[in-house]
Amino acid sequence: MSDEKERAGPMDIRVKICGLTRPEDVAAVAAAGAQYAGFVFFEKSPRNVNIETARALALEAPVGLAKVALVVDADDAELDAIVGAVPLDMLQLHGHECPERVSEVRARYGLPVMKAVGVADVEDMAQIALYEEVADQLLIDAKPPKGADLPGGNGLAFDWRLLSGRKYWRKPWMLAGGLTPQNVRQAAQMTGARQVDVSSGVEAGAGVKDARRIAEFVAALR
């Protein structure tokens, strides 16, 4: 953890770049000084990677860059295959997993689990307390629109005022949804977030990361 703390930077806001698909993406994330690298295992996503690709990318990651697998309602067989092949530091559950399923995954694999919670209005905030009891971290994301193919990575933001001035949760949490190099600093200031997550906001096209935008995103928080 000492290496990761050193990478946190003067503002101590930790950054996750999600949806990496190429070795140059991992290199760009490491060079920018982010703390988390995310790999997506969801076939409908333009950022989807297979297990062999994810393993190769994870092995490229330097010490101190935490490797996160994003899955959506994955069963044990899928998770067994991923965890058995890819050197990971965390699992991110980004589907409709209930609190009991989060507990099962955490116990089965012995890895920290981050649970994504979609937020559109104040009623959605109640879900956060439920998952706080069972997850190691929370990811507060914009709820996808009805009928959307992707549970995240849609480039949509929610009303950050829902988080402004609130008493925060006991578990570490991460802000996601519609963040870009241009708005991430404002988002962190408005919400008090100490961790942020970005995917589409640092891309040149769907699923194609842009090294310059990754660097700008991290630099905006320093």
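The values are calculated or read from the model by the stated rules, or taken from the named source; none is laboratory data. Everything numeric in this text was worked out from a predicted model, so none of it was measured. With ideal geometry, Cβ positions are generated from the backbone for all residues, glycine too; neighbour counts draw on all protein chains shown. Areas reflect the complete protein model, heavy atoms only, side chains present, ligands, DNA and RNA absent. Shrake-Rupley method; radii C 1.70, N 1.55, O 1.52, S 1.80 Å.
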Discussion item. Can you tell me which of (1) touching a strand residue (DSSP E or B) at 6+ places or on another chain (Cβ under 9 Å); (2) on the phi < 0 side of the Ramachandran plot; (3) not aromatic (Phe, Trp, Tyr) is the one ARG55 doesn't meet?
Written reply: (1)
Worksheet item: Would the range 28-38 turn up any residue that is open to solvent by less than 30 Å² (accessible area, probe 1.4 Å), closer than 23 Å to ALA188 by Cβ and polar (S, T, N, Q)?
Response: yes
Item to complete: Please name all residue pairs, on different chains or six or more residues apart, with Cβ atoms under 8 Å, provided the first residue is in the range 189-200 and is of a type in the set (Gly, Ala, Ser) and the second residue is assigned to a helix (DSSP H, G or I) and modelled with pLDDT of 90 or more.
Response: ALA193/ALA187
Practice prompt. Could you pull out the residue among ILE13, ILE51, ILE17, ILE82 that is over 16 Å from the mean Cα position of the chain (by Cα), open to solvent by less than 40 Å² (accessible area, probe 1.4 Å) and of a type outside the set (D, E, K, R)?
Written response: ILE82
Worksheet item: Considering the range 100-124 alone, what residues qualify as being modelled with pLDDT of 95 or more, surrounded by fewer than 18 Cβ atoms within 10 Å (Cβ to Cβ) and not in a helix (DSSP H, G or I)?
Response: GLY110, LEU111, PRO112
